[in-house]
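The values are calculated or read from the model by the stated rules, or taken from the named source; none is laboratory data. Since this is a predicted model, take the numbers as computed values, not measurements. Glycine gets a Cβ as well: all are built from the backbone with ideal geometry, and neighbour counts include every protein chain shown.
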């Protein structure tokens, strides 16, 4: 039996060992950077003594700064949502953003950031820790979606944007969008959340857990300290293969690949053989040296922990307040805090009922979620896709339900029968785009 | 950040390196063995110069040998479906088999085998190749589900059982069961297929591909030649983690684990943290030294290739005939054939239309499937589970549809709303058991 796929991995491993330097440094250009030079305390008590946030924008900010739209990305997204003069490559939402398009740059000043924790220009585990002069790696503090959003609002402050016309996001971007609307409600005019959730489901947690375990099992991972050596390219490739399965859908693959094989006249093989297998192989091959493994771990864990319930939010706020107090009382801690060790010092609060105890009931969970979004009274669009297995429509319905039960009278809920699964938001310009455009531009009575 | 899960893997690796011998030899007892001493040519042209098949049985074969039921296992199943004097451990279908139970041992002589390619007593990649005196490893010939069934019928010949009262199987066992009914129709009285399919779906192929890639990426895998060293326990563990996600369902986990954490008062962690993660970790930990990695590769690949279409069956038959002719003409080839190299010599036929060409239509695929089961006129029970994502109900309906369109007037199709996903057949004794009992015992008019 031949194993060309193993040969290929071993060959890349040799090349990386021999090469001039590891290639995890992404060539990404054309973004702007906002540098926040004040300390930033994270929800779990970790500290960044400063951070950068990479962002790109399209369209023009109007004189009263009221036409800004913030687009939040999914797990591995960069700020490059659309092409522009400084980077003419197509962005990940290229066909959704532009003059006259769903997010109309003739009308709006459209922004997109790379989240903190990411690896496309924002401060993340691959960044140098000013306290040590070395890369953070896995000393980077644990992040929450709330932390990512709070960092984005520092950027908005810097730009003098008090209130967004709209907050728009899909997948993890939808978590950020909901978080912005619920926790910074006075600064968000309209809310759009697509294929996201109000709290991560154990099934999605399981899928992301499997990806992280595969990545961490790569001997090159070295507990995150791989920056001076070969990155865990095999683990990253395998993690992406699993992820890709969850991003698309069976019906699409049935239509697109069926049971066709790559080379029908050769004997079956354990390496990529069916067309669906070569597709997965190709998708993951592209990704394995393009995204930083530690960013994947931190950002995916933040997704798992996302829960908009009031009790969870209060608990995180309390932890953060305690950490801030301890830091104020003892400025010397800032060095160790930057190493994430403050996490260990903060005596975390006992778990809330919601999602954490055997005693909770469905009614208690729902009640906690409703209270968590009690301030999100913006006109809202929730969009779900029936073929999405990672963020199933049940979770989309839950977002709409809790907003309505909290008293939001302007919640629109659409379910699409698109076949592209979770990735529909990247592909279905006609249906997703029209829903966005309608919601952004429709005049909505208070 | 601490990585106790990585510490644990590294510790096991050290133990395995230091230990007296690798532990992939399973301690399995109490089964009988049928040794087939004639050459066995596989569908893809490979040859086994002999093979063993492990089996267990319960109940008594009646005088005219008409009361035998053959139970086919899923991917990792042993012949130990039920406890007995020689092995009192509970079997994998313990509560389904026994006096008065769904498969009534007061009435039937019930048998279960370990498939060829497996690692629980039947000949598989871990067996010694008589031609070389060494373990086959990945020189083992490629197998099909049809090969597994053909081997089982050699066992039935040996026992003098001409015709089964019923062929019963779930998951890959359902593939075998359908294959037996369609390709050896005169020997199968009734057919039961549960959570199986008539042809593997690209989505299931993708999921199994990801598992195989993860396993083969383990440095210990060594292209399958790990029997004299440390087995790829990390890859096996990771593969099982992915598999377990596909065996159960989101609704069950929501109910069972929700968002509860293992140690709610500690900071979140990248190693097992949420209860669903500790569950996956535990399930896969048990499996990683219990099942032979090469068996996983061969048996899972056989599942991917399963397609009951007439054109596919004809193609495999043709390949096999050609290989048999070549072997008869040149007995010296048998040595190399046993090494699977005959696969390379057989000039495989061009792909059939079904599932292999861009030109096929849904109607052509269905027509080919209908022709493939044209001899399966047995009373049939097809059972599907709505929460199954690996073998969705659409595929169960397809089995029932093609049998009916082929002219089978006695097809019963049930859909269960059980929440246990694919594994429902192992758990839901009340609903699955009753359906089986009713079908086995009901008098059915011709």
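Tabulated data
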| quantity | calculated |
| --- | --- |
| Enumeration of residues in the range B:333-351 that are more than 9 Å from chain A (Cβ to nearest Cβ), closer than 18 Å to residue B:321 by Cβ and at pLDDT below 50 | B:337, B:342, B:345 |
| When residues of the range B:119-146 are limited to those that are assigned to a helix (DSSP H, G or I) and out of contact with any strand residue (DSSP E or B) (no Cβ under 8 Å at 6 or more places or on another chain), the one surrounded by the fewest Cβ atoms within 10 Å (Cβ to Cβ) | B:138 |
| Meets criteria (more than 19 Å from residue A:268 (Cβ to Cβ), out of contact with any strand residue (DSSP E or B) (no Cβ under 8 Å at 6 or more places or on another chain), modelled with pLDDT of 50 or more and not in a helix (DSSP H, G or I)) for residue B:366 | no |
| Residue A:215 farther than 12 Å from residue A:72 by Cα and more than 14 Å from every other protein chain (Cβ to nearest Cβ) | no |
| Matching option when the condition is more than 30 Å from residue B:125 (Cα to Cα), within 20 Å of the chain's Cα centre (by Cα) and modelled with pLDDT under 95, among A:31, A:24 | A:24 |
| Search result, residues across the range A:284-317 that are within 11 Å of another protein chain (Cβ to nearest Cβ), farther than 20 Å from residue B:262 by Cα and in contact (Cβ under 8 Å) with a residue 60 or more places away in the chain | A:294, A:296 |
| Of all residues in the range B:229-265 being more than 7 Å from every other protein chain (Cβ to nearest Cβ) and out of contact with any helix residue (DSSP H, G or I) (no Cβ under 9 Å at 6 or more places or on another chain), the one that is surrounded by the fewest Cβ atoms within 10 Å (Cβ to Cβ) | B:263 |
| Condition check for residue A:399: on the phi < 0 side of the Ramachandran plot, part of a helix (DSSP H, G or I) and either in the same structural domain as residue A:245 (by TED's automatic domain parsing) or crowded, with 17+ Cβ neighbours inside 10 Å (or both) | yes |
| Subset of the range B:54-85 [assigned to a strand (DSSP E or B) and either touching a helix residue (DSSP H, G or I) at 6+ places or on another chain (Cβ under 8 Å) or buried (at least 21 other Cβ atoms within 10 Å of the Cβ) (or both)] | B:54, B:55, B:56, B:57, B:58, B:68, B:69, B:70, B:71, B:72 |
| Test result for residue B:110, away from every other protein chain (no Cβ under 14 Å), in contact (Cβ under 8 Å) with a residue 40 or more places away in the chain and either surrounded by fewer than 21 Cβ atoms within 10 Å (Cβ to Cβ) or under 30 Å from residue B:421 (Cα atoms) (or both) | yes |
| Conditions (1) assigned to a loop (DSSP other than H, G, I, E, B); (2) out of contact with any strand residue (DSSP E or B) (no Cβ under 9 Å at 6 or more places or on another chain); (3) modelled with pLDDT of 95 or more; number of the one not met by residue B:391 | (2) |
| Neighbours by Cβ (under 8 Å, 6+ apart or cross-chain): first from the range A:4-21, more than 11 Å from every other protein chain (Cβ to nearest Cβ) and surrounded by 15 or more Cβ atoms within 10 Å (Cβ to Cβ); second at pLDDT 90 or above and in a helix (DSSP H, G or I) | A:12/A:233; A:16/A:233 |
| Yes/no for residue B:37 being away from chain A (no Cβ under 14 Å), without any contact (Cβ under 8 Å) to a residue 40 or more places away in the chain and either within 30 Å of residue B:137 (Cβ to Cβ) or in contact with a strand residue (DSSP E or B) (Cβ under 7 Å, 6 or more places away or on another chain) (or both) | yes |
| Residue A:210 within 8 Å of chain B (Cβ to nearest Cβ), in contact with a strand residue (DSSP E or B) (Cβ under 9 Å, 6 or more places away or on another chain) and crowded, with 23+ Cβ neighbours inside 10 Å | no |
| The lone exception for residue B:226 - which of (1) more than 8 Å from chain A (Cβ to nearest Cβ); (2) in contact with a strand residue (DSSP E or B) (Cβ under 9 Å, 6 or more places away or on another chain) it fails | (2) |
| Qualifying residues in the range A:298-332 (those that are in contact with a strand residue (DSSP E or B) (Cβ under 6 Å, 6 or more places away or on another chain) and surrounded by fewer than 22 Cβ atoms within 10 Å (Cβ to Cβ)) - the one nearest to residue B:272 (Cα to Cα) | A:320 |
| Selection status of residue A:184, under 29 Å from residue A:412 (Cβ atoms), touching a strand residue (DSSP E or B) at 6+ places or on another chain (Cβ under 6 Å) and either crowded, with 22+ Cβ neighbours inside 10 Å or more than 8 Å from every other protein chain (Cβ to nearest Cβ) (or both) | no |
| Residue that is touching a residue at least 60 places away in the same chain (Cβ under 8 Å) and over 21 Å from the mean Cα position of the chain (by Cα), where the choices are A:441, A:398, A:415 | A:441 |
| Positions within the range A:269-281 being within 7 Å of chain B (Cβ to nearest Cβ) and modelled with pLDDT under 95, in sequence order | A:270 |
